[in-house]
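So the structure is just underneath, and the comments pick up after that.
Computed from the coordinates by the stated procedures, all read-outs in this text should not be read as laboratory data. Just so it is clear, the structure is predicted and the values come from calculations on it, not from any experiment.
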Amino acid sequence: MKLRSSFLKKLIFTIISFCFFISIFLSQKSYAGNNIFSTKASKAIEGLINSNGDNNFSTSDSGIANISGPLVINGTIQRTPSVDVSLLAATQITVTKGIMRIAGSGGAVILTGTPTIVAPTTDGYEVIIQGTHDTNTVTLQDESNLAGSKLQLNGGADFVLGKGDLIHLMFDLGDSNWYEISRSNN
């Protein structure tokens, strides 16, 4: 009888949990709390979130996922790249994807728009910018060479992005600057 009782408790718990998540999905409401997955019906649930009780996961209306506590990834991180974006000199880069693919419009371009990359509203935001053309290159200018660029590049050196060249940047909300993490001249 004890084995049967344990099995029934687990079955009831599973059914209740399933109904709870279905009700969240169908009601289009957001729930937040310890160990509760919060979502809107318009967002796809792509997997399971497991927690040891220390994490809190929620999503905002703008699609930002917030995780309090450690995040352990047992696998790879995939960033969705943007379509190729053609830039004029006075253009500012608006980050829409984790990887922004860029090229100069009709030839090599030195970006002069300030700030060069539109500032996000969250601290620690990261982006990888990838050049997509060897002739239509794009030059990012350090703050020391273009006042207001808000780019703090390694050694104050500007960076020319040709085909396959990459620069990884992080935004510091307190300083309102993009700081270079790394670059790769391929």
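In the range 85-184, one over the average inverse separation of all distinct C-alpha pairs is 13.0 Å, which is the Kirkwood hydrodynamic radius.
Amide hydrogen proximity for residue 177: with H placed 1.01 Å from N in the peptide plane, the residues at 5 or more positions away or on another chain lying under 5 Å are 172. Across the range 98-106, rounded Karplus estimates of 3J(HN,Hα) from the backbone phi angles (6.51 cos²θ - 1.76 cosθ + 1.60, θ = phi - 60°) give x, 10, 9, 9, 10, 8, x, 8, x Hz, Gly and Pro being marked x. Residues in the range 92-97 carry Karplus couplings, in order, of 9, 7, 9, 6, 10, 9 Hz; the curve used is 6.51 cos²θ - 1.76 cosθ + 1.60 with θ = phi - 60°, and Gly or Pro positions show x.
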